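**Q** Sending over a structure as structure tokens; questions will come in a sec.
The values are calculated or read from the model by the stated rules, or taken from the named source; none is laboratory data. Since we're looking at a predicted model, the values are computed, not measured. Don't worry about glycine lacking a Cβ; one is built from the backbone with ideal geometry, like all the others, and counts go over all protein chains shown.
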Amino acid sequence: MSGIEIEGLRPLDGEVTVQGSKNAVLPMMAAAVLHRGTTVLKNVPRIQDVFCMIDILTSMGCKCNLEEHRLTIDASSIGRVAIPREYVTAMRSSIVLLGAFLGRAGEAATYYPGGCSIGSRPIDLHLYGLGRLGAQISEQEGGRIAAAAQRLAGGRVRFPYPSVGATENVLLAAVKAQGTTVIEGAAREPEIVSLCRMLEGMGARISGIGEETVVVEGVNELRDSEYTAPGDRIVAGTYLACVMAAGGRAYLRGADAAQLEGVLKVLRRMGADIQTQPSGIRVRMGRRPKPVSVRTAPYPGFPTDLQSPLLSLLAVCDGRGQVWETVFEGRFATAGQLRRMGACIELDGNRAEVRGVYPLRGTRVEAPDLRGGAALVVAGLAAEGRTGIVGCSHILRGYEDICGDLKAMGARIRRRTEADEGTDGR
Ligand code: EPZ
């Protein structure tokens, strides 16, 4: 299993360009299916989840061409609307293709994606929302889900919880539905705003973008379009946490401060000196992080995807801090790995109580999931000696080049392959 190795306690000093947003690009790739023509997406991150979505679209009949960070999707002729099970298992977020294929062809099929290490991940809100637009949903043998509609008709959807994926699924199905769709209780994440802006560029008619109530007027035709994805706010937040863990300074080009307001407030309370500019974010940290108490919440609250990197910062803070995880019921798996590095973390339901210890102790740890793996990189930068992180396939799903980026900021970090493992007998 390939890994990452970090020599900790070296202050950072450098600058990087933040990659394009994974969680903005994945639904945009699904949106390309709505149009029998060509869609170009720019600033696309070269990460595992994007490659997987390209494989899915290609298996359905799309022609995809990724050159550097520019992705061209020709969806003129699609032969299938049933997503193969192996892809659904590999990437849960393929579920948004349900709404896209329903919107394009009036039928779609997929499988229950199942849970993962951060929670049970149900899709009841997705199926409820698509049902409100007239889709007949049937649950079949082996967790297969088929959805069909003569013609989707606009309807009123009331989400009891602002699910990001369910909002995206209904938006994609509503764009070409007959009539008007009103989505109440819509998710307001920046990735939803980017998706709506990209859909508008394709000819969709959407109002209330970024609000709790979004209105979509169905259209018959869409057009060829180009759209540039925003910088990845979670990657930017992860790198801010890296500088705060290691100390030093950095400039994150392409980080959009407007999408990180809630996060920057917390990091400033922890002692970070953060200067925001139109083209990026400058951060300096000359002390141990101060303790804070934070609850994760849907946007514009503190994002659940930065909860694990925050836990790593609290693990080395000069006091006692708390984190409440209110979005996913199982997102504290990183705590066990941080304890192996000497962290003092008590878990009580959805609350983590942390007493800071500095420095942590470098040792061998295992990435439990995507953001948990990134959090172990943050912790390794504040640990004495060498930290070896295995299970990096999780990290590669969302970070294009975390080692290269951190090296550019002065970190002593490298990828280790199985061959390396053999050299020094470990
Ligand atoms: C998206 O997941 C993101 N993934 C997640 O990022 C992110 O953590 C999450 O939104 C919250 O911001 C992508 O965009 C690809 P939800 P999603 O539907 O859409 C419950 C990462 O690390 N729920 O907003 O799956 C659900 O169980 C990933 O990049 C239902 O109960 O999130 C959870 O408790 C991890 N029924 C809560 O809502 C449903 O039908 C939030 O889920 C759907 C969701």
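**Q** Of the residues Ser138, Ser76, Ser94, which is out of contact with any Phe, Trp or Tyr (no Cβ under 9 Å at 6 or more places or on another chain), of a type in the set (S, T, N, Q), more than 9 Å from the ligand (Cβ to nearest atom) and closer than 28 Å to Arg223 by Cβ? Write out each step before concluding.
**A** On the way: Ser138 fails: closer than 28 Å to Arg223 by Cβ; Ser94 fails: out of contact with any Phe, Trp or Tyr (no Cβ under 9 Å at 6 or more places or on another chain).
Matching residue, one of Ser138, Ser76, Ser94: Ser76.
**Q** Within region 305-352, track down each residue that is charged (D, E, K, R) and within 16 Å of Lys290 (Cβ to Cβ).
**A** Going through region 305-352, the residues charged (D, E, K, R) turn out to be 305, 318, 320, 325, 329, 331, 339-340, 346, 348, 351.
If the condition is that a residue be charged (D, E, K, R) and within 16 Å of Lys290 (Cβ to Cβ), then Asp318, Arg320 are the ones that fit.
**Q** For region 264-382, please list each of the helices (runs of 4 or more DSSP H) lying entirely inside it that holds at least 3 residues being within 26 Å of Cys392 (Cα to Cα) and within 16 Å of the ligand (Cβ to nearest atom). Don't jump to the end; show me each part of the working.
**A** Working: elements: 307-315, 333-340, 370-381.
Per the criteria, 307-315, 370-381.
**Q** Residues that are closer than 21 Å to Leu26 by Cβ and β-branched (Val, Ile, Thr): find the strands (runs of 3 or more DSSP E) completely inside region 125-218 holding 3 or more of those.
**A** Working: elements: 136-139, 144-148, 156-158, 180-184, 205-207, 213-217.
Fully inside region 125-218 and qualifying: nothing.
**Q** Follow-up question, since we're still on this one. Ala90 fails exactly one of the following numbered conditions: (1) at pLDDT 95 or above; (2) under 23 Å from Arg121 (Cβ atoms); (3) surrounded by fewer than 23 Cβ atoms within 10 Å (Cβ to Cβ). What is the number of that condition?
**A** If we test Ala90 against (1) at pLDDT 95 or above; (2) under 23 Å from Arg121 (Cβ atoms); (3) surrounded by fewer than 23 Cβ atoms within 10 Å (Cβ to Cβ), just (1) comes out false.
**Q** All but one of (1) away from the ligand (no atom under 16 Å from the Cβ); (2) more than 22 Å from His126 (Cβ to Cβ); (3) not hydrophobic (A, V, I, L, M, F, W, C) hold for Gly20; state the number of the condition that does not hold.
**A** (1)
**Q** Any residue at all in region 61-73 that's within 13 Å of the ligand (Cβ to nearest atom), touching a Lys or Arg at 6+ places or on another chain (Cβ under 8 Å) and among the small types (Gly, Ala, Ser)? Reasoning before the result, please.
**A** The initial filter retains those residues of region 61-73 that are within 13 Å of the ligand (Cβ to nearest atom), namely none.
The answer is no, given that none of the residues of region 61-73 is within 13 Å of the ligand (Cβ to nearest atom), touching a Lys or Arg at 6+ places or on another chain (Cβ under 8 Å) and among the small types (Gly, Ala, Ser).
**Q** Contact list please: Cβ distance under 7 Å, first residue in region 385-403 and more than 16 Å from Leu9 (Cα to Cα), second residue crowded, with 22+ Cβ neighbours inside 10 Å and among the polar types (S, T, N, Q), pairs at least six apart or on different chains.
**A** Correct list of pairs: Glu400/Gln19.
**Q** Collect the residues in region 335-373 that are crowded, with 17+ Cβ neighbours inside 10 Å, closer than 20 Å to Gly8 by Cα and among the small types (Gly, Ala, Ser), keeping them in residue-number order.
**A** Ala335, Gly342, Ala343, Gly356, Gly362, Ala367, Gly372, Gly373
**Q** Let me ask something else about it. Considering Val25, Val16, which residue is modelled with pLDDT of 95 or more, more than 18 Å from His394 (Cβ to Cβ) and under 17 Å from the mean Cα position of the chain (by Cα)?
**A** Values: Val16 fails: under 17 Å from the mean Cα position of the chain (by Cα).
One residue alone meets the criteria, Val25.
**Q** While we're on this one: One residue is enough: does region 145-162 have a residue meeting the conditions touching a residue at least 24 places away in the same chain (Cβ under 8 Å), of a type in the set (S, T, N, Q), out of contact with any helix residue (DSSP H, G or I) (no Cβ under 9 Å at 6 or more places or on another chain) and more than 23 Å from Glu191 (Cβ to Cβ)? If you could, list the steps in order and put the result at the bottom.
**A** Going through region 145-162, the residues touching a residue at least 24 places away in the same chain (Cβ under 8 Å) turn out to be 145-162.
If we keep only those that are of a type in the set (S, T, N, Q) as well, we get 150.
Still in the running and out of contact with any helix residue (DSSP H, G or I) (no Cβ under 9 Å at 6 or more places or on another chain): 150.
When the remaining residues are screened for being more than 23 Å from Glu191 (Cβ to Cβ), the result is 150.
Yes, the conditions are met somewhere in region 145-162.
**Q** Could I ask something else about it? In region 389-412, what residues are touching an Asp or Glu at 6+ places or on another chain (Cβ under 6 Å) and not basic (Lys, Arg)?
**A** Passing the criteria: Val390, Gly391, His394, Gly410.
**Q** Since Gln259 meets every condition but one in (1) under 20 Å from Gly231 (Cβ atoms); (2) within 16 Å of the ligand (Cβ to nearest atom); (3) surrounded by fewer than 20 Cβ atoms within 10 Å (Cβ to Cβ); (4) not aliphatic (A, V, I, L, M), which condition does it not meet?
**A** Every listed condition holds for Gln259 apart from (3).
**Q** Still on this structure: Filtering region 27-44 down to residues that are closer than 28 Å to Thr304 by Cβ and surrounded by fewer than 24 Cβ atoms within 10 Å (Cβ to Cβ), which residue is farthest from the ligand (Cβ to nearest atom)?
**A** First, pick out the residues of region 27-44 that are closer than 28 Å to Thr304 by Cβ: 27-33, 41-44.
Restricting the remaining residues to those that are surrounded by fewer than 24 Cβ atoms within 10 Å (Cβ to Cβ) gives 42-43.
Working: Lys42: 19, Asn43: 16 Å.
Among those residues, the one meeting the criterion is Lys42.
**Q** Would you pick out the residues in region 374-396 that are surrounded by fewer than 24 Cβ atoms within 10 Å (Cβ to Cβ), farther than 20 Å from Phe328 by Cβ and touching a Gly at 6+ places or on another chain (Cβ under 7 Å)?
**A** Glu384, Gly385, Arg386, Gly388, Val390, Cys392
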